[in-house]
Amino acid sequence: MPRQISAARARLEFFGFSLPVRLFRALSFDSAFRLGERLGDVAYAVARPQRKTALVNLRIAFPEKSDAERLAIVRESCRNFGRMAAEWCHMYRLTKDNIAERVTFEDPPFWFGEAQRVIGSTGILVLTGHFGNWELFAHAIGLYGNPIHLVHRPFPNPLFDDFVNIERRRSGTVLISKRRAAQQIIRVLRSNGIVAIPFDQNATSRWGVFADFFALPASTHPGLARLAELSRAPVYPVFLVRQDHSPQHRIVILPKVETALSGDRAADTVENTRRFNQVFAEMVRRHPDHWIWMHKRWRTRPPGEPPIY
């Protein structure tokens, strides 16, 4: 359960959150989008400790690049986050009738053909993460007729939590409580649904397994691997990729990840988590500005290893 905060603090925090949301919504989308970019520049300039963390991460991921090149990636990542904020504030304007103006599929025949047949027979597990505009990703998939089921950990502020979840439900996104999530996910898959599992964040030593991410062991939540092993549902990596820093995006669906099913559950979980990390890392290599480098991805270390940050 998230930590509890007082009602007064919740109202104060929500007031501070809702003001910029109202500002973005009062602007035209184009103006809000450009303002988001500029605010991303401001965040890059003032977030010095986070910039330091990002540089540590980028030295791990891209040892061949210079620090100047790495900082350019961090700047674009901040701008992407600003663009995402503006898009999120205007997301309620998107409907099934106009979503194609903003989001399209890289391979429409696959999505409307083979993918639909797979979903209709077994359901699918979607390997994804905090990449690009992940909120728009789920929203768009829902508007195209296949609502996403998303495991949700409530935010500490209930006012913020309610507001965000109302926005998510506009496109049919179904929120799964983290408590007893496995049982709910199995039911969804048996009903031929789509379950998206973001798994790109550091896991605590209590929950994580160590699997290479950019050739360095990273503590990763094993939930996606265990669900794939238990349900035998196929795992497809799906990402939203921004087109040339514009408001247009494409949904990119990569080939199904073949999962190990040797019968050794512990070994299979680690191996499958490694495979998922490898796919995610490759997508980040292709679009490094789409990921949130300021997150301490390698914070939890194997026993005996020194801290990275």
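The values are calculated or read from the model by the stated rules, or taken from the named source; none is laboratory data. Every value quoted in this text rests on a predicted model; they were computed, and no experiment measured them. A quick note on method: Cβ atoms are made from the backbone with ideal geometry, for glycine too, and the neighbour counts reach across all protein chains shown. Only protein heavy atoms, including side chains, enter the accessible area calculation; ligands, DNA and RNA are left aside. Shrake-Rupley method; radii C 1.70, N 1.55, O 1.52, S 1.80 Å.
Just a few scattered comments:
- Pairs of C-alpha atoms in segment 254-309 farther apart than 17 Å represent 57 percent of all such pairs.
- Each label was represented as a point 7 Å from its Cα along the Cα-to-Cβ direction; for LEU71 and GLU106 these points are 3.1 nm apart.
- Antiparallel DSSP beta bridges within the chain, percent to nearest 5: 40
- Measuring nothing but alpha carbons in segment 150-195 and taking Rh as the Kirkwood radius, the Rg to Rh ratio lands at 1.01.
- Rg and Dmax of segment 152-309, based on Cα coordinates, read 16.8, 47 Å.
- Förster-model FRET efficiency, 35 Å R0, ARG187 and ARG93, C-beta, rounded to 0.05: 0.60
- In terms of packing, defined here as the mean over residues of other Cβ atoms within 10 angstrom, the peptides 230-237, 57-64 line up highest first as 230-237, 57-64.
- Paramagnetic label zone (point 7 Å from Cα along Cα-to-C-beta, PHE155; backbone N under 17 Å) in segment 3-43: 3-25
- Per residue accessible area of segment 5-123, 1.4 Å probe, in Å²: 54
- For segment 159-309, accessible area per residue (1.4 Å probe, heavy atoms of protein chains only), Å²: 49
- Solvent-free Debye calculation, one equal scatterer per alpha-carbon of segment 28-123: log10 I(q)/I(0) at 0.15, 0.23 Å⁻¹ equals -0.81, -1.04.
- Segment 61-206, accessible surface, carbon-and-sulfur percent (1.4 angstrom probe): 53
- Listed pairs LYS52/LYS178; LYS52/LYS96; LYS52/LYS256; LYS65/LYS178; LYS178/LYS256 exceeding 30 Å between Cα atoms: LYS52/LYS178; LYS52/LYS96; LYS52/LYS256; LYS65/LYS178
- As a ratio to 2.2 N^0.38 Å, the alpha-carbon radius of gyration for segment 114-191 is 1.14.
- For LYS52, solvent-accessible area (1.4 Å; no DNA, RNA or ligand), Å²: 150
- Its convex hull of Cα atoms gives the chain a direction-averaged projected area, equal to a quarter of the hull surface, of 16.6 nm².
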